[in-house]
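The values are calculated or read from the model by the stated rules, or taken from the named source; none is laboratory data. Small disclaimer: the values here were computed from a predicted structure and weren't measured. No Cβ is skipped: glycine too gets one built from the backbone with ideal geometry, and neighbour counts run over all protein chains shown.
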Amino acid sequence: MILIFLILGLYALLHFILESIVAPSVRFNIRLDLFAMRDKLRLLKINDPEIGDEVFGVLQDGINGAIKYLYDIDIPFLLHCDVLVNRDPQLKESVEKRRAAVMNACRRSPLTVASHFTAR
């Protein structure tokens, strides 16, 4: 009985440390990275007018959504979104259309958008 109590107490302590100390600082660093990524995207759009407005809008909307909902995103939420996309044909078509627009823009451009994001 004491062993179970100690195990549960240790689990509660580790959960508290993870959710209250580690996770917020990791999310904050990811948020700062997303802001930097959005700034690079905007600079890329200014310097390379070849990038279409649709592709720019898709990428910027994705980054803005990630910034806005970063604190709500977890594994169960991502799995739920995946199920919703697979269940709804219109939503799946919309996602695939946006993905295809970004991929086509990356193939046409001599410098890919992804390479600009990873360069620091």
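Residues in segment 58-97 that are closer than 26 Å to residue 45 by Cα and either in contact with a Gly (Cβ under 8 Å, 6 or more places away or on another chain) or among the aromatic types (Phe, Trp, Tyr) (or both): 69 alone.
Comparison of 51, 63, 67 shows that the only residue that is outside any helix (DSSP H, G or I), surrounded by 11 or more Cβ atoms within 10 Å (Cβ to Cβ), in contact with a helix residue (DSSP H, G or I) (Cβ under 6 Å, 6 or more places away or on another chain) and among the aliphatic types (A, V, I, L, M) is 51.
For segment 77-87, the condition of being at pLDDT 85 or above, surrounded by fewer than 16 Cβ atoms within 10 Å (Cβ to Cβ) and over 29 Å from residue 19 (Cα atoms) holds for at least one residue. Checking the structure you have, find out if any residue of segment 51-74 is of a type outside the set (Asp, Glu) and over 19 Å from the mean Cα position of the chain (by Cα). Within segment 51-74, one or more residues are of a type outside the set (Asp, Glu) and over 19 Å from the mean Cα position of the chain (by Cα).
Within segment 32-40, can one find any residue that is touching a residue at least 40 places away in the same chain (Cβ under 8 Å), part of a helix (DSSP H, G or I) and touching a His at 6+ places or on another chain (Cβ under 8 Å)? Scanning segment 32-40, I find at least one residue that is touching a residue at least 40 places away in the same chain (Cβ under 8 Å), part of a helix (DSSP H, G or I) and touching a His at 6+ places or on another chain (Cβ under 8 Å), so the answer is yes.
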